[in-house]
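Student: Let me begin by handing over the structure; questions about it come next.
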């Protein structure tokens with residue numbers, strides 16, 4: 001009878017898209033992400049020898065598996081099927097962590113993108129504050145908010161943007177650090193972990209004392225001259241410079257609208 005049960009388990013494993021371990025449990029889970037438009041993620045799963053193992057992998061080769069690494073621009077896939085246990089060079093390995101990178105495009109040039117990071121940690125035990133739970137459907141969610149920070153760069157003072165992603169709770173309140181979740185290895189078989197990112201409604205200057213807030217947006221301080229790359233305001237809220245937008249408009253005076261501010265005198 002036991003032989004028949006083992007045969008049925010093996011047949012089920014072959015039929016399913018997710019793998020099965022020797023115990024009959026799934027050897028995979030799904031990581032996915034709900035992201036704003038023009039966002040994507042890459043992931044890198046890191047593996048270490050299983051508890052009690054004294055083996056090692058020569059040079060650490062093949063102890064990482066990447067997802068969307070080269071494809072995030074063109075063939076991006078939201079769902080990544082991640083193995084929990086693997087054997088490399090005869091050494092049994094278990095999932096240790098997943099490095100996450102969130103990418104976002106803001107222009108058409110290949111370099112017009114920002115990137116920030118997050119992480120999933122797989123631990124033997126969890127602190128109560130780090131414990132992430134699953135609902136009845138076998139899904140667990142963690143959250144983040146990404147904000148664009150803008151600055152000017154180069155002799156044309158072209159706008160470039162930096163992506164800044166922070167961890168939040170389910171209600172969107174900023175917490176500490178970057179998007180993060182932690183699980184035990186036993187929590188994950190057959191489950192789905194979802195990262196949910198929202199985009200901040202407003203952009204802010206990357207560096208302080210370089211832009212002045214005005215009705216309709218921000219004006220770029222001139223600094224010592226147009227060639228001054230740092231161009232700190234230093235209390236001068238009268239002299240401003242033009243700048244170039246990522247789409248090529250080059251006589252802009254107010255970001256992000258790229259329109260001259262005409263204040264109406266009452």
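Student: If N is the number of residues in region 78-189, what value comes out of its Cα radius of gyration divided by 2.2 N^0.38 Å?
Tutor: 1.37
Student: Taking neighbour counts of Cβ atoms within 10 Å as a proxy for exposure, in what order, fewest first, do 160, 212 appear?
Tutor: Exposure proxy ranking, most exposed first: 212, 160.
Student: Relative contact order for the chain: what is it in percent, counting Cα pairs under 8 Å that are at least 6 residues apart?
Tutor: RCO, the chain: 17 percent.
Student: Relative to the longest principal axis of the C-alpha atoms of the chain, give the angle of the C-alpha long axis of helix 2-15, reported between 0 and 90° and rounded to the nearest 10°.
Tutor: Tilt relative to the chain: about 30 degrees.
Student: Please report the projected area of region 27-137's Cα convex hull averaged over all directions, in nm².
Tutor: The Cα convex hull of region 27-137, projected and averaged over all directions, gives 9.4 nm².
Student: Another question, then. Which whole-number percent is the relative contact order of region 166-266 (Cα, under 8 Å, 6+ apart)?
Tutor: Once normalised by length, the contact order is 16 percent.
Student: Most exposed first by the Cβ proxy, i.e. fewest other Cβ within 10 Å, how do 232, 39 rank?
Tutor: Going from sparsest to densest Cβ surroundings: 232, 39.
Student: What fraction of the Cα pairs in region 144-266, stated in percent, has a spacing above 24 angstrom?
Tutor: Considering region 144-266, 44 percent of its Cα-Cα pairs are separated by more than 24 Å.
Student: Still on this structure: Would you mind giving the average projected area, over all directions, of the Cα convex hull of region 207-266 in nm² with one decimal?
Tutor: That works out to 4.6 nm², a quarter of the Cα hull's surface.
Student: Using the basic label-point model (7 angstrom from Cα toward the beta carbon), what is the residue 170 to residue 117 distance in nanometres?
Tutor: 2.9 nm
Student: Another one. Give me the number: length gained by fully extending residue 64 to residue 34, i.e. 0.36 nm times residue separation minus the C-alpha to C-alpha distance, one decimal in nm.
Tutor: Once the chain is fully extended between residue 64 and residue 34, it gains 8.4 nm.
Student: Also: As a footprinting exposure proxy, order 83, 227 by other Cβ within 10 Å, with the fewest listed first.
Tutor: Ranking 83, 227 by Cβ neighbours within 10 Å, fewest first, gives 227, 83.
Student: Along its three principal axes, how long is the chain when you only count alpha carbons? Whole Å, largest extent first please.
Tutor: 90, 41, 32
Student: A follow-up question, please. Figure the gain on full extension for residue 224 and residue 186 (residue separation times 0.36 nm, minus the Cα-Cα span) and round it to one decimal in nm.
Tutor: 7.7 nm
Rule-based calculations on the coordinates, nothing more; no lab input. The structure displayed is predicted, hence computed values, not measured ones. Ideal geometry is used to build each Cβ from the backbone, glycine not excepted, and the neighbour counts take in all protein chains shown.
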